[in-house]
């Protein structure tokens, strides 16, 4: 009888621990936004009729949510479509040689995405053209986007930090 109760307790614990979801990534932004948390998104980003693997980034000191769609349709590069209320832009890793920001290409413009020059901080844009030249994983790229993307928006401290 004692073994039965022990077995049931372990089974119950394992079943509840299976429901808990850990974030994909988390870290510090080193700015007024505080910490960020990256989770898999339920609502996916669609490009050219195809669903992209999508992540959602939330910030500790902001109501800002950022969606990141990972487009691996091109064999030479991985593109990360970044969407927020204030700005839509793309980061690209080309042949695992460099990773940096880029304006949206025609493929994405045809799907209704656009980069607004009014919201874009040009100095940060050119500063982020090459963020790293070391090969990184997809999750490392999403972490870099979580830290660098808010700085692309003009006056991001006023726009995003509300708490």
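Does the range 94-163 classify as rounded, prolate or oblate by the C-alpha gyration tensor (a ≥ b ≥ c root eigenvalues; a/c under 1.5 gives rounded; else a/b over b/c gives prolate, otherwise oblate)?
It is oblate, given that a/c is not under 1.5 and a/b is not larger than b/c.
At a Förster distance of 22 Å, what's the computed FRET efficiency of residue 130 paired with residue 25, Cβ-Cβ distance as r, to 0.05?
0.50
So how much slack lies between residue 139 and residue 63, counting 0.36 nm per residue of separation and subtracting their Cα-Cα distance, in nm?
Computed gain between residue 139 and residue 63 is 25.1 nm.
For residue 155 paired with residue 39, estimate the spin-label separation in nm (one decimal), with each label point 7 Å from Cα along the Cα-to-Cβ line.
Going by the 7 Å Cα→Cβ label model, 3.1 nm.
Every number here is computed from the coordinates shown, using simple stated rules; none is lab data. None of the values given here were measured: they were computed from a predicted structure. Neighbour counts are summed over all protein chains in view; Cβ atoms, including those assigned to glycine, are modelled from backbone coordinates with ideal geometry.
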